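Bear in mind that the values in this text are calculations on the coordinates, not laboratory data. This is a predicted model, so every value here is computed, not measured. Using ideal geometry, Cβ is built from the backbone for each residue, glycine included, and neighbour counts are taken over all protein chains shown.
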Amino acid sequence: MSLFGLRVSGWQLSTLFLAGLLLFIAFPATAQDKVPASPIMVPNPATDLWRAVRQREGAASGQTQVRGIETGVLIEQRGEAFREYRRRDFIGNAGIFIGVIAGLVLLFYILRGRINIPGGRSGRRIKRFADFERTLHWFTAIVFIFLALTGLTLLFGRFVVLPVFGAEAFGVIASACKEGHNLFGPLFIVAVVLLFIRFAWRNLPSRGDLTWLVKGGGIIGKAHVTAGFFNAGEKIWFWSVMVLGLAVSISGLVLIFPTLGQPRDIMQLALFVHGIAAVLFIAGSFGHIYIGTIGTEGSLESMTTGYVDENWAEAHHDRWHAETVAQAARGADRHASADTTGAVHATTDKA
Amino acid sequence: MANMKFYCDAERCIECNACVTACKNENEVPWGVNRRRVVTIKDGEPGERSLSVACMHCADAPCAAVCPVDCFYTTEDGVVLHDKDICIGCGYCFYACPFGAPQFPKAGAFASRGKMDKCTFCAGGPKETGSAEEHRMYGSNRLAEGKLPLCAEMCSTKALIAGDADVVSDIYRRRVVNRGASVLDWGVNYDKASLRAPQSVKGKASSDG
């Protein structure tokens, strides 16, 4: 076949036709664009002005004699987004999320049960946390639980607590929650800063963390995983506490002083960050509390007494255990070289 | 039952702020609280317009939707009110309101936010109607006395209208008919050349006028 003097085979032509058809289907607008548009170009300053007012564009913000936050703004259009976020997106989904995480933790407990110390308790105990560290942990925990309970009451109370106690009583409860939340909030910032100073160094990523993560921390199955003083899971929780703590602290400081004149969009953003970070924080705390209490035998006593069983240490933090034992041996050796009595040698052998 | 609404006619408002003053005086609102304010846009420029704004008593009020303690309610006259005994002063209503209506007096040792205060359409509050306590907490209850909000009642140019939505919209409709609100009226007195409307549309508008 010959086309414009070129020799074209039948399949080439059909391919060309098909490509043209596809192009036409993909861009049908190009065909319509040829029809000249005829907009009615009528200047209407009023329409433009009120549209600008509604959408807060350019010079739409005005002057007013009334002093206050954004008093010159006629219409704040972000308010509707804030309403939809809070009522449609946040409250319901936050409730579902917290419920699902609590359910998963429960399901895990039912399926896996408590993780016992392999080989049982040895009866020998090693020091794990100093008094200051334990005090700091429980200080953070108490403040956190208080803030979580008051915060959750303010978030879900209208739908959960109000129908039970009535609007008048819930008004008093909510008011107390708000005041308490504002009063104890700054203490949590202090706790997060102290946690960082005390624990950040030991939570830096180290060799073996990745392997620990790949093996799922040994929580599924019986495989033994190696770890130092803190395992990768604990490190992730620590840095989550830092990041989420920073988020709730900064947004909380913005929210706690509403009379400093922050514009509404800053407050909306702060509530957005504060709410989401807090819900993630609460959900994460479920996992932390579970593993630290009923999930693992012998874990809680590290934070109550400061000591752990040697077998627990060897099972969960073998490298830390080995270091501690080696250090104790070295200390005993030094002691032994200074003292020449046979009794000390016996202790060294034991260690 | 009536469905109470405010309307502010931007073609009439002269930014005298008398509505603001009348409201403050009638309702004896706390220091720093302004239930009504006049906003002037394009101040000192061509096309300057002023509007008096307060709570617009929305049919589907965003403040009521976001309130964590559900202290808002709508009266049978369509007026959005709130209960200060329940309000915790969290400010969420202020963040959701498009008109910036909710106001907060400073209270407490650290100048924190007190209970919210806003325009009540001069309809008092949930306390006993006409009681001293109602006036102290919520201001005047003119609606119970058969009167309309004072801001609108004393507006010198009748820019601010308050009342049943049907009546308000009827008044505004008549005004529009009388003074003409065709899009073509804008600028036609000043510069006919600036009018770029097709001839067909232009003919229709002039025959109507």
With R₀ set to 25 angstrom, the calculated FRET efficiency between the beta-carbons of B:Asn17 and B:Arg136, to the nearest 0.05, is 0.50
Would you mind checking segment A:230-252 for residues with the amide N under 16 Å from a putative spin-label position 7 Å along Cα→C-beta of A:Leu269? A:247-252
Please sort A:158-169, A:263-274, B:30-41 by packing, taking for each peptide the average over its residues of neighbouring beta carbons within 10 angstrom, highest first. B:30-41, A:263-274, A:158-169
Which distance in nm do the two modelled labels at A:Glu80 and A:Lys127 give, with both placed 7 Å along the Cα-to-Cβ direction? 6.4
Pairs A:Lys178/B:Lys127; A:Lys215/A:Lys235; A:Lys127/A:Lys215; A:Lys178/B:Lys118; A:Lys178/B:Lys84: which are spaced more than 23 Å apart, C-alpha to C-alpha? A:Lys178/B:Lys127; A:Lys127/A:Lys215
Please report, to one decimal in angstroms, the Kirkwood hydrodynamic radius of segment B:4-177 built from all distinct Cα-Cα pairs. 16.7
Computed E for A:Val193/A:Gln55 - FRET, C-beta separation, R0 45 angstrom, nearest 0.05: 0.60
